[in-house]
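A.B. asks: Quick one: this structure, given as structure tokens, is what I'll be asking you about.
Just so it is clear, none of the values below were taken in a lab; they were calculated from the coordinates. Note that the coordinates shown come from a computational prediction; the quantities given were computed from them, not determined experimentally. Glycine also receives a Cβ, built like all others from the backbone with ideal geometry; neighbour counts cover every protein chain displayed.
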Amino acid sequence: ESITWQYRCRVDPFDLDRSNRDLDRPELRMGEELVKWRTAMSSGAELLVSALHKKHPDRVFRHGQRPEGQVEAGAAGNDHFSPVQADEYVAMRLLPMTEWYER
């Protein structure tokens with residue numbers, strides 16, 4: 001989960017290289033990370049018995065993975081994939097975690 005937030009916040013290793021305007025760098029790096037994750041998953045697990053390819057009911061998908069559940073970026077808060085600014089990260093991630101741990 002933390003790598004997703006690093007990507008969304010565009011911090012190292014997904015920061016933008018403003019010197020040469022390589023705007024695809026974060027997406028390319030995230031692609032590399034996903035390939036590493038997939039390789040690790042497939043080499044260390046029996047994929048046939050994992051839930052990776054399981055058909056899940058539509059109610060499971062609440063973060064815009066399906067057309068009927070998609071949320072427009074910026075609408076209703078967190079769409080779970082758009083880049084976020086620091087203040088949005090604090091509001092969506094840090095404050096809820098702090099509240100949970102302070103219970």
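A.B. asks: Residue by residue, what Karplus-based ³J(HN,Hα) values in Hz, rounded to whole numbers, does the stretch 95-103 have, using 6.51, -1.76 and 1.60 with θ = phi - 60° and x for Gly and Pro?
C.D. replies: 4, x, 5, 4, 4, 5, 6, 7, 5
A.B. asks: Can you tell me how much longer the chain between residue 16 and residue 98 gets when fully stretched, taken as 0.36 nm per residue apart minus their C-alpha distance, in nm with one decimal?
C.D. replies: Numbers: separation 82, 0.36 × 82 = 29.52 nm, distance 2.86 nm.
So the chain would gain 26.7 nm between residue 16 and residue 98.
A.B. asks: Additional query: Assuming R0 = 30 Å, what is the FRET efficiency of residue 59 and residue 39, from their Cβ-Cβ distance, to the nearest 0.05?
C.D. replies: After rounding, the FRET efficiency stands at 0.45.
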